[in-house]
Amino acid sequence: MNREQFLLMQGNAIATALVQKGYRVKKLENQIAWEVEQPDSDQWLLLTFIPRPVDQWRVLPPARGERYSEIYEMIEQAIGGRK
């Protein structure tokens, strides 16, 4: 499995976890990225993998708060802390 396939597999696992928690998720074509709509909100976020310099999954726009902490916890659980 090459790196792109691995990241797509991780992204799909994250998307599945988000959907199970009530988020709406849509895969963007030709990108390792997903649009994420928060429950009870019309705000969309972008889930994507940032290769350098951080080499990790990120939600954009960056923000802080309980909802974002929840999303990052779901990301970690979905991929098991693997990069």
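Within region 51-83, track down each residue that is assigned to a strand (DSSP E or B) and in contact with a Phe, Trp or Tyr (Cβ under 8 Å, 6 or more places away or on another chain).
Initial filter on region 51-83 (assigned to a strand (DSSP E or B)): 56-60.
Q56, W57, R58, V59 - these are the residues of region 51-83 that are assigned to a strand (DSSP E or B) and in contact with a Phe, Trp or Tyr (Cβ under 8 Å, 6 or more places away or on another chain).
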Within region 59-74, track down each residue that is at pLDDT 90 or above and open to solvent by 80 Å² or more (accessible area, probe 1.4 Å). E73
Select from region 13-28 the residues that are among the hydrophobic types (A, V, I, L, M, F, W, C) and assigned to a helix (DSSP H, G or I) and write down the one among them that is surrounded by the fewest Cβ atoms within 10 Å (Cβ to Cβ). V19
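Among the candidates Q31, Q10, Q77, which residue alone is at pLDDT 90 or above and exposed (fewer than 12 other Cβ atoms within 10 Å of the Cβ)? Show your work before the answer.
Working: Q10 fails: exposed (fewer than 12 other Cβ atoms within 10 Å of the Cβ); Q77 fails: exposed (fewer than 12 other Cβ atoms within 10 Å of the Cβ).
Exactly one of Q31, Q10, Q77 is at pLDDT 90 or above and exposed (fewer than 12 other Cβ atoms within 10 Å of the Cβ), namely Q31.
The values are calculated or read from the model by the stated rules, or taken from the named source; none is laboratory data. All values reported here derive from a predicted model rather than from experimental measurement. Note: ideal-geometry Cβ built from the backbone for every residue, glycine included; neighbour counts use all protein chains shown. The area values use the complete protein model at the heavy-atom level, side chains included, leaving out ligands, DNA and RNA. Shrake-Rupley method; radii C 1.70, N 1.55, O 1.52, S 1.80 Å.
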